[in-house]
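Derivation of every value follows stated rules applied to the coordinates shown; laboratory data play no part. None of the values given here were measured: they were computed from a predicted structure. Using ideal geometry, Cβ is built from the backbone for each residue, glycine included, and neighbour counts are taken over all protein chains shown.
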Amino acid sequence: MKQVTMTVNGRSVTQLVEPRTSLADFVREQLRFTGTHLGCEHGVCGACTVLIDGEPQRSCITYAVSCDSAQVTTIEGFDDDALMADMRTAFHENHALQCGYCTPGMLVTARDIVRRLPDADEKRVRLELSGNLCRCTGYVGIVRAILSVLAKRKAA
């Protein structure tokens, strides 16, 4: 066991963790932030995407011990985030979710796209989403939602 200290969703936590424990398992099982979903557990599907020090990362292939001193934001950490609020509204309005399993990781990725690429077009949005798999929607609504937030922010 190794002691790690990190900030998760704005709160400092110090816990003992097995070196082989993934960040996804750590936040779900030890911290009870169950909004981070586990899909493939190989870093392929993107369902487990969280922010680590402000960058989207796959929490299923990231060891919790490697996040000592890091800032981790799970989907639950965006409750007061204006951009995420816009993204959630756009996902709802554009029917960008069905079963919802990919939605937490998809929202974290979508927020990053809007933050990082304010001039992204549909082709670029689709490229940026290529690391997040959705088995239900066909991506049309998801892409439309992201483009609507980009347009809204550009007009403001």
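Give, as a single signed number, the net charge of other residues whose beta carbon lies under 15 Å from the beta carbon of residue 45, with Lys and Arg counted +1 and Asp and Glu -1.
That sum, taken over residues with Cβ under 15 Å, equals +1.
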By its C-alpha gyration tensor, with a ≥ b ≥ c as the square roots of the eigenvalues, how is segment 2-75 shaped: rounded for a/c under 1.5, else prolate for a/b larger than b/c, else oblate? prolate
Within-12-Å neighbourhood charge of residue 7 [Cβ basis; K, R +1; D, E -1]: -1
In nm, what is the difference between 0.36 nm times the number of residues separating residue 98 and residue 38 and their Cα-Cα distance? 19.9 nm
Using alpha carbons only, how many angstrom separate the centre of segment 17-88 from the centre of segment 111-141? 19
Where in segment 60-80 is the amide nitrogen less than 16 Å from a point lying 7 Å along the Cα-to-Cβ axis of residue 1? 65
